[in-house]
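Structure, as structure tokens:
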Amino acid sequence: MLSDERKPTPRPSARVVLLDEAGRILLLRGVDPKVDAPSLWITPGGAPEDGENYEQAALRELSEETGLTGVDLGPWIWARRHVWRWGEQWFDSIERYFLVRTSTFTASKAGLAPHELDVITDYRWWTVAEIDAAHDQIFVPRRLGELLRDLLETGPPAEPIDAGV
């Protein structure tokens with residue numbers, strides 16, 4: 001358990017599983033420039049701003065992080081709770097993943113805040129097979145390949161699935 005001064009800050013997070021017509025998922029490579037740690041491949045998303053619900057935050061973050069607008073937010077498909085460190089601060093992230101289907105496009109960094117330009121270093125459309133074969137990469141959630149395969153084979157779940165760590 002972390003001491004009180006290192007107790008994680010609760011942080012809700014709305015994330016988007018963005019699938020193109022070929023069933024590929026768009027992921028962002030994220031790095032913490034303050035910590036010597038491996039990069040992670042993550043879905044677009046982040047914390048709701050004042051007055052936003054998860055759904056509004058998901059669409060705003062998608063626009064800011066990829067440039068994609070004018071899409072319909074699909075169902076809440078996955079849930080995840082994870083404690084993680086950013087710089088010297090710890091967060092207890094309570095995440096909701098929403099499905100969005102779109103045509104393939106080239107993501108843009110134009111909507112990123114200045115401090116995010118050092119954090120999001122790359123974009124890539126990934127297939128399940130590529131995720132499964134990329135043993136030298138870290139995907140969030142860790143079970144992303146399995147979760148994506150199930151989503152593509154059976155469609156959105158009736159209730160959100162626990163995505164694990």
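Laboratory data are not the source of any read-out in this text; all were calculated from the coordinates shown. All values reported here derive from a predicted model rather than from experimental measurement. With ideal geometry, Cβ positions are generated from the backbone for all residues, glycine too; neighbour counts draw on all protein chains shown.
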Net charge of neighbours whose Cβ lies under 12 Å from the Cβ of Trp78, counting Lys and Arg as +1 and Asp and Glu as -1: 0
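What does the net charge come to around Thr66 if you take all other residues with beta carbon closer than 15 Å to its beta carbon, with K and R at +1 and D and E at -1? Show your work: numbers first, answer last.
Numbers: positive: Arg15, Arg24, Arg29, Arg60, Arg101, Lys109, Arg124; negative: Asp20, Glu61, Glu64, Glu65, Glu116, Asp122.
So the environment of Thr66 carries a net charge of +1.
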Which order results if Lys34, Lys109 are arranged by neighbouring Cβ count within 10 Å, fewest first? Lys34, Lys109
What is the magnitude of the charge dipole of the chain about its Cα centre, with +1 placed on the Cβ of each Lys and Arg, -1 on the Cβ of each Asp and Glu, and no other charges, expressed in debye to the nearest 20? 180 debye
Options (i) 1.20; (ii) 1.00; (iii) 1.07 are given for Cα Rg over 2.2 N^0.38 Å, and the computed one is (ii)
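So which GluC sites (Glu not before Pro) in the stretch 71-129 end up in coil per DSSP with only 15 or fewer other C-beta atoms within 10 Å? Each step should come with its number before you reach the end.
Numbers: sites: Glu88, Glu95, Glu116; in loops: Glu88.
Filter output for the stretch 71-129: Glu88.
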